[in-house]
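Trainee: Quick one: this structure, given as structure tokens, is what I'll be asking you about.
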Amino acid sequence: MALHRKRQRADGATADTYATHAMQVSVPRFHMPAQGLRPDVAFHLVNDDLMLDGNARQNLATFCQTWFDDEIHKLMDLSIDKNMIDKDEYPATAEVESRCVHILAELWNSPAGVDTIGCSTTGSSEAAMLGGLALKWRWRERRMADGKPADRPNLITGPVQVCWHKFARYFDVELREVPLERDRLVMTPDEVLKRVDENTIGVVPTLGVTFTCQYEPIADIAAALDRLQAERGIDVPIHVDAASGGFIAPFVAPNLQWDFRLPRVHSINASGHKFGLAPLGVGWIIWREKQDLPEGLVFRVNYLGGDMPTFALNFSRPGGQIICQYYLMLRLGKDGYRLIHESCYGVAQHVAKRIPKLGPFEVLYDGDSNSGIPAVSWTLREGAKAHYSLFDLSDRLRSRGWQVAAYSMVPNIEDMVVMRILIRHGFSRDMADALLDDLQRSLEYFKTHPVTHKMGPEDGRSYNHDAIKPPPIRAKVTA
Ligand SMILES: *Cc1c(COP(=O)(O)O)cnc(C)c1O
């Protein structure tokens, strides 16, 4: 018996995973253990920790893809050892990346054809940094050529995702973000023109705004900038942040003019891992013409063999996401992407119809495929007497596993709180009905249990991580 116990302690081959010593003691959290563990024991320790994460499929706050077919799992496994930066060693992967760039350029109606300039990135955030840098460099070249100062660049945007706040801060550009009003939740041509001057490096409209999921009026903004150039000679390029819409509009709203069909549009980014349906970790950026990407930003390295031009913030990066992106383009075709997105819009519209019947809600965006992405956003009707805040509602829904974003809006409507759900591939009508039932149950609960101290933005997990402003830099980081 004693010997048996001793053997168990030593976590030998016969001990059941949960009967091992390692499972009976606390695992080290902040130091590396001197000795390792059996792989099954270590696996379950880690996996059990992860049980406390939310269920990704019930995460209606994220724009990122959470449903994958078996072939994607297989391709990710097969490419786990492929570093996409090693283009000379993995020329086939490099070729796949280049095919994706050309396919996207065609989808976005680029005039460049075989001369298309673009690349993959880790996501739209990196793509935004690259797009923003190209704008800044081009503006500086123009200013220097005119013998004018180039030290006070500014960028005009609507209500943008946090990556543009980062770009502005990291690369010393003044951000001129158009403030919103309760009845105007996107940028408009007039608001852009009020802020443009000769130091404007570009205008960034969003195709699928983070806060409400609507499309900004890109063609109207382009037309206003055309007029500005004709009247005052100021030539301001547009970069479209199509993180979500870039993989939706070409299939579902082909007549919507937002892309390279507008000569004013010089570059576009999109996230492959959002409505491009690829696993996490891939974004794309395409420039209109060669001149739109200044040579000075492109590095040529030959220490991997071959002469490789690179424009990226990172060096090593996984290749699997890019390979899966290409797989999806082949597997689904334009028709497949359209059908998937149309089903999502159908579910979104179903939810949007039910929401105002459940409570004192005003739908801000109802999942219309010509004016936004597959999603629904709503707020409490003005003057509504609710015994809860939308933060309380979000918290209540979490008890059934649903993660629904509630967040306060941006300047100048910070008092307005918005709730938003993204409808992604893999979210069925039945799942939507289950969510709506739980929403109704939550509202009935608040009737019998009115909240005395309503949660505010400061209490809540807001789940709207996309919208979080970069925190002030803290001197001390605790473990
Ligand atoms: C998600 C998002 C981003 C950031 O993209 P990542 O791929 O997460 O880096 C930028 N802009 C918009 C509009 C987005 O929705």
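The numbers here are math on the coordinates, done by the rules we state, and not lab data. It should be emphasised that the depicted structure is a prediction, and the values quoted were computed from it without experimental measurement. A quick note on method: Cβ atoms are made from the backbone with ideal geometry, for glycine too, and the neighbour counts reach across all protein chains shown.
Trainee: In percent, what relative contact order does the stretch 243-347 have, based on Cα pairs under 8 Å that are 6 or more apart in sequence?
Mentor: It comes to 26 percent, rounded to a whole number.
Trainee: Let me ask something else about it. Quick one, can you get me the convex hull of the C-alpha atoms of the stretch 24-152 expressed as volume per residue in Å³?
Mentor: Hull volume normalised by residue count: 281 Å³.
Trainee: Could you pull out every one of the lysines with an alpha carbon less than 29 Å from that of Lys353, ignoring same-chain neighbours closer than 8 positions?
Mentor: Lys274, Lys334, Lys385, Lys447, Lys454
Trainee: Additional query: Using the Cα centre of the chain as origin and beta-carbon charges of +1 (Lys, Arg) and -1 (Asp, Glu), tell me which of Ala94, Tyr407, Gly281 is placed farthest towards the positive end of the dipole.
Mentor: Tyr407
Trainee: About its Cα centre, what dipole magnitude does the stretch 73-328 give when the only charges are +1 on Lys and Arg Cβ and -1 on Asp and Glu Cβ, stated in debye to the nearest 20?
Mentor: 280 debye
Trainee: Using θ = phi - 60° and the Karplus curve 6.51 cos²θ - 1.76 cosθ + 1.60, what whole-Hz ³J(HN,Hα) does each residue of the stretch 406-421 get, with Gly and Pro shown as x?
Mentor: 10, 7, 8, 6, 9, x, 9, 10, 4, 6, 7, 10, 10, 10, 8, 10
Trainee: Can you list residues whose amide H is under 5 Å from Gly208's amide H, if they're 5+ apart or on another chain and H is modeled 1.01 Å from N?
Mentor: Tyr215, Glu216
Trainee: Two-decimal Rg/Rh of the stretch 112-225 from alpha-carbon positions, Kirkwood Rh?
Mentor: Rg divided by Rh gives 0.97.
Trainee: Mean 1/r over all different Cα pairs, inverted: what Kirkwood radius does the chain give, in Å?
Mentor: 24.6 Å is the Kirkwood radius here.
Trainee: Considering only the other residues whose Cβ falls under 13 Å of the Cβ of Thr93, what net charge follows from Lys and Arg at +1 and Asp and Glu at -1?
Mentor: Spelling it out: positives minus negatives among the neighbours equals -2.
Trainee: Still on this structure, I have one more. Given contacts defined as C-alpha pairs under 8 Å and at least six residues apart, what's the relative contact order of the chain, whole-number percent?
Mentor: 19 percent
Trainee: Among Phe315, Val41, Val178, which residue has its Cα furthest toward the positive end of the charge dipole of the chain, with +1 on Lys/Arg Cβ and -1 on Asp/Glu Cβ?
Mentor: Value: Val41.
Trainee: Toward the positive end of the charge dipole of the stretch 331-421, about the Cα centre and with charges on Cβ (Lys, Arg +1; Asp, Glu -1), which of Leu339, Leu364, His387 goes farthest?
Mentor: Leu339
Trainee: Of the listed peptides 235-242, 146-153, 180-187, what is their order by residue-averaged count of other C-beta atoms within 10 Å, with the highest listed first?
Mentor: Going from most to least packed, we get 235-242, 180-187, 146-153.
Trainee: Could you sort the peptides 376-383, 426-433 by per-residue average Cβ neighbour count (10 Å cutoff), highest mean leading?
Mentor: Per-residue Cβ counts within 10 Å, averaged per peptide and sorted highest first, yield 376-383, 426-433.
Trainee: With a point put 7 Å past each Cα toward its Cβ, work out how far Asp368 is from Arg398 in nm, to one decimal.
Mentor: 3.4 nm
Trainee: Let me ask another. How much net charge surrounds Ser369 when only the other residues with a Cβ under 12 Å from the Cβ of Ser369 are counted, with Lys and Arg +1 and Asp and Glu -1?
Mentor: Net charge around Ser369: -2.
Trainee: Residue-wise, which Karplus ³J(HN,Hα) couplings in Hz belong to the stretch 87-93, taking 6.51 cos²θ - 1.76 cosθ + 1.60, θ = phi - 60°, and x for glycine or proline?
Mentor: 5, 6, 7, 10, x, 5, 5
Trainee: Taking N as the number of residues in the stretch 73-328, what is its alpha-carbon radius of gyration divided by 2.2 N^0.38 Å?
Mentor: Computed over Cα atoms of the stretch 73-328, the ratio equals 1.00.
Trainee: State, to one decimal in nm², a quarter of the convex hull surface area for the C-alpha atoms of the stretch 91-161, i.e. the direction-averaged projected area.
Mentor: Hull-based average projected area comes out at 7.0 nm².
Trainee: Related question: Would you please give the residues with an amide H less than 5 Å from that of Ala312, counting only those at least 5 places away or on a separate chain, with H modeled from the backbone geometry?
Mentor: Answer set, sorted by chain and number: none.
Trainee: Another question, if that's okay. Which value, in debye to the nearest 20, gives the size of the charge dipole of the chain about its Cα centre, when Lys and Arg are +1 and Asp and Glu are -1 at the Cβ?
Mentor: Result for the chain is approximately 1080 debye, rounded to the nearest 20.
Trainee: Show me the ranking of peptides 339-352, 19-32, 434-447, 59-72 by mean Cβ neighbours inside 10 Å, starting with the highest.
Mentor: Highest-to-lowest ranking by the protection proxy: 339-352, 59-72, 434-447, 19-32.
Trainee: Using θ = phi - 60° and the Karplus relation 6.51 cos²θ - 1.76 cosθ + 1.60, list the HN-Hα couplings for the stretch 384-397 in order, rounded to whole Hz, with x at every Gly or Pro.
Mentor: Computed from phi, the couplings for the stretch 384-397 are 5, 9, 10, 8, 6, 9, 5, 5, 4, 5, 4, 5, 5, 5 Hz.
Trainee: Follow-up question, since we're still on this one. What number comes out for the charge environment of Leu78, summing +1 per Lys or Arg and -1 per Asp or Glu over other residues with Cβ under 15 Å away?
Mentor: -3
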